[in-house]
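The values are calculated or read from the model by the stated rules, or taken from the named source; none is laboratory data. Small disclaimer: the values here were computed from a predicted structure and weren't measured. Reconstructed Cβ throughout: ideal geometry from the backbone, glycine too, with neighbour counts over all protein chains shown. Calculation scope for accessible area: heavy atoms of the full protein, side chains included, ligands and nucleic acids excluded. Shrake-Rupley method; radii C 1.70, N 1.55, O 1.52, S 1.80 Å.
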Amino acid sequence: MSTPASSSVSGTDRAPVDLAHLARHTFGDQGLQQEVLALFESQSAVWMDRLKQAGDVGEMREAAHSLKGSARGIGAWQVAELAERLEADSGEENSRVPSQMARVLTRDLEDALAEVNQFIRTFLEGVG
């Protein structure tokens, strides 16, 4: 899956959230953008916790799928890509034990999500 180039607050660096993508989906409404980012930050923590506490591969896939969709909605392309890979490579369908790849992807996803959420907090502080 190719990911669009991200735009940052300054517009010059690659950022964890594609603000141009978010602006298109919120019709340029800055208040709505702020609300969506704050909602993503709180909900992503819930989905990450569900992913890490999953009792089986199916629950892990469900959490990864939800996180993937939310990340795509705000333009957090790296998080979306990792969640998609985790959804596909989590292990055998009826297994209670995730694959080794799932463990690695979960750690990578957690790191990428932390970066996105830090970006969101900094962005929201800057506009608030």
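Annotations for the structure displayed:
- Under the Karplus curve 6.51 cos²θ - 1.76 cosθ + 1.60, θ = phi - 60°, whole-Hz ³J(HN,Hα) for the stretch 102-110, x wherever Gly or Pro sits: 4, 5, 5, 5, 4, 5, 5, 5, 4
- Taking the C-alpha atoms only, the angle from helix 77-89 to the longest principal axis of the chain is near 10 degrees.
- Going by accessible surface with a 1.4 Å probe and the largest first, ARG61, ARG103 read ARG103, ARG61.
- At R0 = 25 Å, FRET efficiency that the Cβ-Cβ distance of ALA114 and GLU93 yields, to 0.05: 0.30
- Taking the C-alpha atoms only, the angle from helix 30-52 to the longest principal axis of the chain is near 20 degrees.
- Summary value for the chain: 24 percent relative contact order, contacts being C-alpha pairs under 8 angstrom separated by 6+ residues.
- Shape category assigned to the stretch 38-88 from the gyration tensor of Cα positions, a/c cut at 1.5: oblate
- When GLU92, GLU59 are compared by accessible area at a 1.4 angstrom probe, the order from most to least is GLU92, GLU59.
- Helix 57-74 vs. the chain, principal-axis angle (Cα, 0 to 90°, nearest 10): 10
- Convex hull volume per residue, computed on the Cα atoms of the chain, equals 91 Å³.
- Diffusion coefficient of the stretch 69-128 by Stokes-Einstein, Kirkwood radius over Cα pairs, 4 °C, 1.567 mPa s: 103 µm²/s.
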